[in-house]
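A.B. asks: Quick one: structure below, then a few questions.
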Amino acid sequence: MALTMQSKADKGGTLSDLHDRLIEEQATEEEARLLSNDHWHSVETFLSRVNAVLSDLRDMESLLEEIKIKHSQILIEPGVHPRMLSSWC
């Protein structure tokens, strides 16, 4: 891209023209990347990883709620209870 800009600058374009061409070239390159299948494949991969993390977080939240319930039961009724021993084993 630097050679392209240099050759355009050598042809007598103004700085403003050079800036406009640079913006157009960058926009075209970005558009091509956004429309490429490789880009969307990587987006899909990223989103599937995000969904997996969210699923793991939901599972952890559920387990945390179970732990909170057991913890509050232990605090309310301290001591060894057969009911509590059977649920831990």
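A.B. asks: Restricting attention to the range 39-59, report how many residues are under 10 Å from the mean Cα position of the chain (by Cα) and among the basic types (Lys, Arg).
C.D. replies: 1
A.B. asks: What pairs can you find where one residue is in the range 47-60 and of a type outside the set (Val, Ile, Thr), the other is modelled with pLDDT of 95 or more, and their Cβ atoms are less than 6 Å apart, with a gap of 6+ or different chains?
C.D. replies: Here the result reads none, with nothing in the range 47-60 linked to a residue that is modelled with pLDDT of 95 or more.
The values are calculated or read from the model by the stated rules, or taken from the named source; none is laboratory data. From a predicted model like this one, the values you see are computed outputs, not experimental measurements. Neighbour counts run over all protein chains shown; Cβ positions are idealised from the backbone, glycine included.
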